[in-house]
Amino acid sequence: QVQVVQSGGGLAQPGGSLTLSCTVSGSHFSIDGMGWYRQDPEKERELVASISSIPTRIKYADFVKGRFTISRGRGSDKNTVYLQMNSLSSEDTAVYYCNVHGLYYSDYADYWGQGTHVTVSS
């Protein structure tokens, strides 16, 4: 069974920073890519950033370019993806979800974290 567990998030002031992390675990599972999405109640879930495994490709939504950085751990931390969020604004307030795309036994599938609230407010 594949598990995706998120941590981080919370409250930040405008201009501040937060870091999200997400760790995937499970046997017979190979990671193809990892990413972060966000959703607020009035919008559809949207891609924030993603990072693929082989080759390593990173994609950012236009609204976070230059402010957010996605990265993956190395070595024993390779199953963890991070999202460093800087220069936060109220428009970044949303629930952030980690997505992991990978091969479980012989089938590709998407797995989601539990969601993390990010609130940007003074």
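Here are some notes:
- The trypsin sites (Lys or Arg not before Pro) found in the range 20-55 that occupy coil by DSSP, while having at most 12 further C-beta atoms within 10 Å, are K43.
- Using a probe radius of 1.4 angstrom, the carbon and sulfur fraction of the accessible surface of the chain is 47%.
- Reduced Cα scattering model of the chain, Debye log10 I(q)/I(0), q = 0.22 Å⁻¹: -1.28
- The spread of Cα positions in the range 1-54, taken along each principal axis and listed from longest to shortest, comes to 41, 22, 22 Å.
- For the range 56-122, chymotrypsin sites (Phe, Trp or Tyr not before Pro) meeting the loop criterion (DSSP other than H, G, I, E, B) and having at most 15 other Cβ atoms within 10 Å: Y105.
- Other-chain or far-sequence residues with amide H under 5 Å of V48's (modelled H): W36, Y37, R38
The values are calculated or read from the model by the stated rules, or taken from the named source; none is laboratory data. Note that the structure is a prediction, hence the values are computed from the model and not measured. Cβ atoms come from the backbone with ideal geometry, glycine included; neighbour counts cover every protein chain shown. Side chains included, ligands, DNA and RNA excluded: accessible areas come from the protein's heavy atoms. Shrake-Rupley method; radii C 1.70, N 1.55, O 1.52, S 1.80 Å.
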